[in-house]
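These notes concern the structure reproduced below.
Coordinate-derived values only; no laboratory data. Note that the coordinates shown come from a computational prediction; the quantities given were computed from them, not determined experimentally. Please note: Cβ atoms are built from the backbone with ideal geometry, for glycine as well, and neighbour counts cover all protein chains shown.
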Amino acid sequence: MSRKYLIAGNWKMNKTASDAVDLIGEINSLVGDETSVQVCICPPFTSLSKASESVERSQLLLGAQDVNAASSGAYTGEISAEMLRELYVSFVILGHSERRQYYGETNQTVNKKILTAIENNLKPIYCIGETLEERESERTLEVVRTQVREGLENFPTSSIDSLVLAYEPVWAIGTGKTATDEMAQEVHAEIRSVLTEMFGETAAASIRILYGGSMKPENAAGLLAQEDVDGGLIGGASLTARAFVGIVEAARGA
Ligand code: PGA
């Protein structure tokens, strides 16, 4: 089963709209025309409008960093899936550990957002991963299994092509510590086995599972060479064009 690599940049709360235009311009010129790897950038909401103009006529895809589970209504400060679709957003990062940690999101709240995203033709990038304490107490696989099962409850098999997962060990995010290639492969294989139980072998074999957590050009090739690692969700290294495109190049060579 061949899965096309996806390299997605999670800008988090960085870059104004005008900074975004500059960075997208640089990324565009370095990425060029080769389309063997899918490349997506996920700027803050305030940059999406300008970003959607900047990615037009390029191969870059656009992602958002969250979406509300409701389709519209009295939810001050929130953004709906329809608002994102109008700006040509294709992907949406959901369940990121920072949202779980700082905004109280749970597998259940994230599940609702995932189902809303799918109903509105947005492709969820569902983030899961263990904390340091969970790894040290050897609960990594159990934690990740539960996150997959609960977060993807009632996910329609007919939309499986739109589903992306990202394994992001919490202790590796923004810390400079990366999972070893073997650690990443072990967890990715476990995730795929839960997906197989839930959706069947063929569907599970088609789902992309990204690695995230201090991925950079220097360690990308080793991680991406693992059988069940199908791309990267990149935080810090997505904020400079050279580093980000360095990872895209590693994926092209993998
Ligand atoms: P990092 O972030 O690459 O800066 O570790 C990854 C993420 O949080 O998605």
statement: Interchain or sequence-distant (5+) residues whose placed amide H lies within less than 5 Å of the amide H of Gly212 are Tyr167, Glu168, Leu233
- line: Computed for the chain: size of charge dipole around the Cα centre, +1 on C-beta of each Lys and Arg, -1 on C-beta of each Asp and Glu, debye to nearest 20, value 440 debye
task: Would you grab the residues whose amide H sits under 5 Å from the one on Gln226? Only those 5+ places off in sequence or on another chain, please, with H modelled 1.01 Å from N.
output: none
query: Which of the trypsin sites (Lys or Arg not before Pro) found in the stretch 51-154 are in a DSSP loop and have at most 11 neighbouring Cβ atoms, other than their own, within 10 Å?
result: Arg57
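Express the C-alpha Rg of the stretch 124-164 as a ratio against the empirical globular expectation 2.2 N^0.38 Å, rounded to two decimals.
1.36
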field: For the stretch 172-178, Karplus couplings with θ = phi - 60° (6.51, -1.76, 1.60), whole Hz, Gly/Pro x
entry: 9, 7, x, 9, x, 8, 10
- line: Ranked output for segments 45-54, 124-133, 152-161 by mean other Cβ atoms within 10 Å, highest leading, reads 124-133, 45-54, 152-161
statement: Placing each pseudo-label 7 Å from Cα in the direction of the beta carbon, Thr16 and Gln101 end up separated by a distance in nanometres of 2.8 nm
message: Viscosity 1.567 mPa s, temperature 4 °C: give me the Stokes-Einstein translational D for the chain in µm²/s, with Rh taken as the Kirkwood radius over C-alpha pairs.
response: 72 µm²/s
field: Overall dimensions of the stretch 1-138 as given by Cα atoms, namely Rg and Dmax in Å
entry: 15.9, 49
query: Using θ = phi - 60° and the Karplus form 6.51 cos²θ - 1.76 cosθ + 1.60, what ³J(HN,Hα) does each residue of the stretch 73-82 get, whole Hz, x for Gly and Pro?
result: x, 7, 10, 3, x, 9, 10, 9, 4, 4
query: In terms of modelled amide H atoms, which long-range or inter-chain residues lie less than 5 Å from the amide H of Ile125?
result: Val92, Ile93, Leu94
